[in-house]
Structures are given as C-alpha cells and as structure tokens.
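One structure is given below, encoded as structure tokens.
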Amino acid sequence: MSVNGKPKFAMYWAASCGGCEIAVLNIHEKILDVDANFEVVFWPVAMDAKYKDVEAMPDEAITLTLFNGGIRNTENEAMAHLMRRKSKILVAFGSCACAGCIPGLANLSTREQIFEAVYEGVSTDNPTGIRPDFQWAAPEGNLHIPEFYPVLKTLDQVVAVDYYMPGCPPESHQIGAVVDLVIQALQGKATLPPTGSVIGAGTSTVCDECPRIRNVKTIQHFTRIQQLAAIDPNLCLLEQGIPCNGPATRSGCGALCPRAGAQCIGCYGSSDGTLDFGARLMTAFASVIEGKEPAEIERVLDTLPDPVGQFYRFSLAHSMLRAAPVVLEEEEQYATHHH
Amino acid sequence: MNDTFEPVIIGFTCNWCSYRAADLAGTARVKYPPNIRLIRLMCSGRLDPTFVLKALTSGADGVLITGCHPGECHYLEQNYKTLRRYLMLRRVLTQMGIEPERIKLVWASAAEGVKLAQEITDMVEQIRALGPFKSRYPLPLNPPEVAHVQPTAERGTA
C-alpha cells in the first residue's frame, strides 16, 4: 500500500465541530514533520479519500489515527469500528471523543426534543415541519442517511482506545509534543506510555498551573463573568464569584483561560484519579460557598442557573450518570429494536 | 409500584454520630427495615458526591447521607460541606430528570438511634413509592481492552 514506506497517519471526525482539525494544523511548521514522517492516508477535512479506501487497507495498516468527535449516529459508530480495526494506535482526540464535550449535553434531551429544537426551533424556517427520514425508497433505489442515536457516546464507549488526548481543542504545543513522541517511538528512541494513558496533558489540575492568588475567601453569590464591571487580575476567579472549573479540570493547557481573565470551563476533563468531573467540582465548590443554613446555601446556588451545564459542560457523556434516565430508556428501546 | 419491589438504599454514616446511632438502634432492638446497607465514613464530610452517583448507577434506588448535627461535627465544620454538596447534588439530579428524593440528608447524633431508625423506615417507604431507580452502568466507563498489537519501530512501516 505504502508508496514511500512511511508509516500511515489518519485523522477522522465524528460528531465534532472541526476545531480539532484546526488545532492540528495550528502546530505550524511541525506539520512538516508529520509529512516527513508519515504518509497521510485518510483525513476527510484535509484531503480527498473515501471510506472504501480505508476499508480496502489491511487491518492495522494505519500507524496513528487521531479520532475526534463523539458517537452520535450509525455512521460515527461504523467509522469508529473501522478506524479501530485499521489502526495500530487509536487516539481519542479532543474533548468530544474523550468525554462527549458540548454535543454530550444533548444527553439531557430526548431525540424528539432535539429534533424539535433543530427542525422547528425559532431560528429554523421549516413551515411544513419536514423531518429527515433515515431510509427512503427512491425510484433509483433505497436511500439511507445515518441514523441518529438517542445517546451521544464517547469513543471508548464503543471501541477500545489506546490513548486519550483531551482539550477543546487540544493545545497545539501538546499536539506537537505527542507527534514528536510518536515519531521518536517509531525510530526506537522513545517508548510510548501504557495503553489507556492520557497523553498531551498534565495529571494535576488547572489550579496548579494558574498564577492567581487564592485566599480561601467564601462566595456569597456567583456572577457571570460578563456581568462584572472589573475583574481583579491577580485574585483567584472562583473567589471573585466567577464559577471557574479549574479545581476539577486536568492541567496541560497552562491555565490559558484564567491567565487571560476568563474562567476555566473544564475542556481538559477530569484530572487523574477522578471518576466523575461534576462530583469533583461540586466538592470543590462546597468548600468555598458561604452558608450554614440550607436557605442561605440555596440562595447562593440560585445564582448557578444551569448546574449540569456548569458541572458537566464537557464531561456529561463520560460521567457516571451519562445521560438523563429518560434518554437512557430510549437508548435501551432503540438497542432492543435494532438487535 | 409493584408489591415485590424492595428498594435498595445505601446509607453513609459518620463514625462519630450516626454510625453509633445505628449501633444504638441495634443494641436497643429498635427495628428498621433491612433495605438499607450502611457504610461507615470517618465524617459525613468525607462523602464525595462520586459515592452517591456510584451507588445510584450500581443498583441502589436511593442514598441516605447522615452526619452530626450542625455545630456538632467532630471535625468542626465538615458537615456543612456535606450539606452544600447534598444541595448541589439535588439540583443536578433534578435537572437530569431524577427524583431528588432519592437522596436524603439526615442529622443524627449518637444518642438518636430511634430517630435514625424512623428516618430509615420513612425513606424506605418513600423510595418504595417512587419505584426502582432504573440505574444502570450499561456501558463501562472504559470497555475491556481488545487485544491488538502494540506499535514498534519495525511494525511502524508497512
């Protein structure tokens, strides 16, 4: 297959926005190292290649596949299985593949609710209420479009994943470092970390990388950052009442957002040893919220109008609850119906 | 719900108060239903919300959290953190469409064996009325490894 003897590289996007692809291109001149050391065989956003080209490859023909995006429909899942089969190293690349990210928040809503929002929402002009048919018998033959699953799944919920590379998107310097590592490993100059490792990120939390000063002050109410007239440039954002997710979020970005005066929103997912991002964050917030009376505490919590969005913004699909029970029920029915 | 449903409730107790209250209920032969499985922590402040979520997703229908009365924490203030976590968890569960009554916070001193037994009895009936929590871990957080070859320098070139 290989015309030049170089190891093969692929990148695929499932339910994602495309920001991960941009982040890869954003490694600047290191992209030349990728080209020098790899043959890019499949990368829909950057080159023309067909699924059947990948299907025709021998199993494990691709050395490194960066897979970004969650598993939202039948096509995503089929591609996850295909890329798994054809790849030696499959990396869950970016927050969507690792933990569900923003698309994972749809796990709070049923398919009907999602379709209603998409096809009949205020911003949609669809007077006859047309909805897509997943299958349709056209005169020329049966037409199919990918079927929309009730639940968004992370990559490791459908196939085994070798490495996780978190971030929305992963930081370019981290991508560069991982590319270097893989190239060195291929040349026998380095060994790859154990399967299942998180790569291209730290092990601690964003707070550990954040230069802001913490005073263990208590919070009487939370404020959206855009509603503050001024932000103290040196003080911990959480202590200024801005709901910052730094205490639960994996380090590796260099505390980019807090340094710039914006709260961490948690895109790098859980730090090492944490099973549930939201649970960790609730524990952290409990330490700084003021109040010993339930009513007092409830008043503070009233200023966090979207608790799931706050505590699980990037991690709902990989959390312990994973989705609303009503959505999980739908998934069960779907699975029974289709198997 | 149906007559055969027996709720499973995980109860987290504090070493210094509610665990002793349960013990007292036992020695005093105060009866409470066997639906609850008690786990002793050193303090209710040790209760990570992860424990509650793990219980619910592993088959429990409800979770009882117990600790020392406000102002009486053995570690001074940790039960206030429990209270805050509990109130946050309730909001998260509500937004997820899960009945917040499936978790309950009760303060019980070491002397309140009768009170704890009553709270347990009440909660079992409340959860029985709610019905089973269709709790599931239908997917492991990480699926079992499928055997596939680790890359080496030699294998790297096709």
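The values are calculated or read from the model by the stated rules, or taken from the named source; none is laboratory data. Because the structure is predicted, anything quoted here is derived from the model rather than measured. Cβ sites come from the backbone with ideal geometry, for glycine too, and all protein chains shown count toward neighbours.
Look at A:T303 and say whether it is at the interface with chain B (Cβ under 8 Å from one of its Cβ atoms) and either at pLDDT 95 or above or not in a helix (DSSP H, G or I) (or both).
Against the criterion (at the interface with chain B (Cβ under 8 Å from one of its Cβ atoms) and either at pLDDT 95 or above or not in a helix (DSSP H, G or I) (or both)), A:T303 does not qualify.
Say we look at segment A:57-66 and pick out the residues that are within 11 Å of another protein chain (Cβ to nearest Cβ) and in a strand (DSSP E or B); which of these is farthest from A:L181 (Cα to Cα)?
In this case the residue turns out to be A:I62.
Kindly establish whether A:A56 is of a type outside the set (F, W, Y) and at pLDDT below 95.
On the way: of a type outside the set (F, W, Y): yes; at pLDDT below 95: no.
Taking the combined requirement at face value, the residue does not satisfy it.
Listed residues A:S270, A:S251, A:S287; which is crowded, with 24+ Cβ neighbours inside 10 Å, polar (S, T, N, Q) and not assigned by TED's automatic domain parsing to the domain that holds A:V158?
When all the criteria are applied, what remains is A:S270.
Would you check which residues across segment B:40-69 are closer than 26 Å to A:P325 by Cα and surrounded by fewer than 20 Cβ atoms within 10 Å (Cβ to Cβ) and list them?
B:D48, B:T50, B:F51, B:K54, B:T57, B:S58, B:G59
When you go through (1) hydroxyl-bearing (S, T, Y); (2) surrounded by fewer than 17 Cβ atoms within 10 Å (Cβ to Cβ); (3) within 23 Å of B:A60 (Cα to Cα) one by one for A:T303, which number turns out not to apply?
Among (1) hydroxyl-bearing (S, T, Y); (2) surrounded by fewer than 17 Cβ atoms within 10 Å (Cβ to Cβ); (3) within 23 Å of B:A60 (Cα to Cα), the lone unmet condition for A:T303 is (3).
Identify, by number, the condition in (1) within 14 Å of chain B (Cβ to nearest Cβ); (2) under 18 Å from the mean Cα position of the chain (by Cα); (3) farther than 16 Å from A:V198 by Cα; (4) not hydrophobic (A, V, I, L, M, F, W, C) that A:D156 doesn't meet.
All conditions are met except number (3).
Take the residues in segment B:103-138 that are touching a Leu at 6+ places or on another chain (Cβ under 9 Å) and within 11 Å of another protein chain (Cβ to nearest Cβ); name whichever of them is nearest to A:L152 (Cα to Cα).
This residue is B:P138.
With A:A255, A:A317, A:A295 as the choices, which residue is more than 9 Å from every other protein chain (Cβ to nearest Cβ), in contact with a Pro (Cβ under 9 Å, 6 or more places away or on another chain) and more than 30 Å from A:Y149 (Cβ to Cβ)?
A:A255
Just wondering, is there one or more residues in segment A:213-224 that are within 14 Å of chain B (Cβ to nearest Cβ) and of a type in the set (A, V, I, L, M)?
yes
May I ask you to list the residues in segment A:67-101 that are within 27 Å of A:D133 (Cβ to Cβ) and part of a helix (DSSP H, G or I)?
A:T74, A:E75, A:N76, A:E77, A:A78, A:M79, A:A80, A:H81, A:L82, A:C96
Have a look at A:L64, A:L105 and point out the one that is under 20 Å from the mean Cα position of the chain (by Cα), buried (at least 23 other Cβ atoms within 10 Å of the Cβ) and in contact (Cβ under 8 Å) with a residue 12 or more places away in the chain.
One residue alone meets the criteria, A:L64.
Quick one: is A:I27 within 21 Å of A:V159 (Cβ to Cβ) and either outside any helix (DSSP H, G or I) or hydroxyl-bearing (S, T, Y) (or both)?
Here the answer is no, as A:I27 does not meet what is asked.
For A:G266, which of the numbered conditions (1) at positive phi; (2) in a helix (DSSP H, G or I) fails to hold?
The failed condition is (2).
State yes or no: is A:G309 under 27 Å from B:E77 (Cα atoms) and either more than 7 Å from chain B (Cβ to nearest Cβ) or not in a loop (DSSP other than H, G, I, E, B) (or both)?
No; evaluated as a whole, the condition is false for this residue.
To keep it simple, each residue is scored yes or no on (1) in contact with a helix residue (DSSP H, G or I) (Cβ under 6 Å, 6 or more places away or on another chain); (2) at pLDDT below 95; (3) not in a loop (DSSP other than H, G, I, E, B).
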position: A:G176; (1), (2), (3): yes, yes, yes
position: A:P193; (1), (2), (3): no, yes, no
position: A:A230; (1), (2), (3): no, yes, no
position: A:E239; (1), (2), (3): no, yes, yes
position: A:C257; (1), (2), (3): no, no, yes
position: A:G261; (1), (2), (3): no, yes, no
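Only one of A:L281, A:L316 is crowded, with 20+ Cβ neighbours inside 10 Å, free of Cβ contacts under 8 Å to residues at least 40 places away in the same chain and within 26 Å of A:L155 (Cα to Cα). Can you tell me which?
A:L281
Which one of these does A:K88 not meet: (1) surrounded by fewer than 24 Cβ atoms within 10 Å (Cβ to Cβ); (2) out of contact with any His (no Cβ under 9 Å at 6 or more places or on another chain)?
The number of the failed condition is (2).
For segment A:155-165, indicate whether the set of residues that are within 18 Å of A:N26 (Cα to Cα) and in the same structural domain as A:C96 (by TED's automatic domain parsing) is non-empty. Steps first, please.
Of segment A:155-165, the ones within 18 Å of A:N26 (Cα to Cα) are A:165.
Within this subset, residues satisfying the condition of being in the same structural domain as A:C96 (by TED's automatic domain parsing) are A:165.
Within segment A:155-165 (the criterion being within 18 Å of A:N26 (Cα to Cα) and in the same structural domain as A:C96 (by TED's automatic domain parsing)), the answer is yes, since at least one residue qualifies.
Hand me the list of strands (runs of 3 or more DSSP E) wholly inside segment A:112-153 holding 1 or more residues that are loosely packed, with under 10 Cβ neighbours inside 10 Å.
Details: elements: A:135-138, A:141-144, A:148-153.
Answer list for segment A:112-153: A:135-138, A:141-144.
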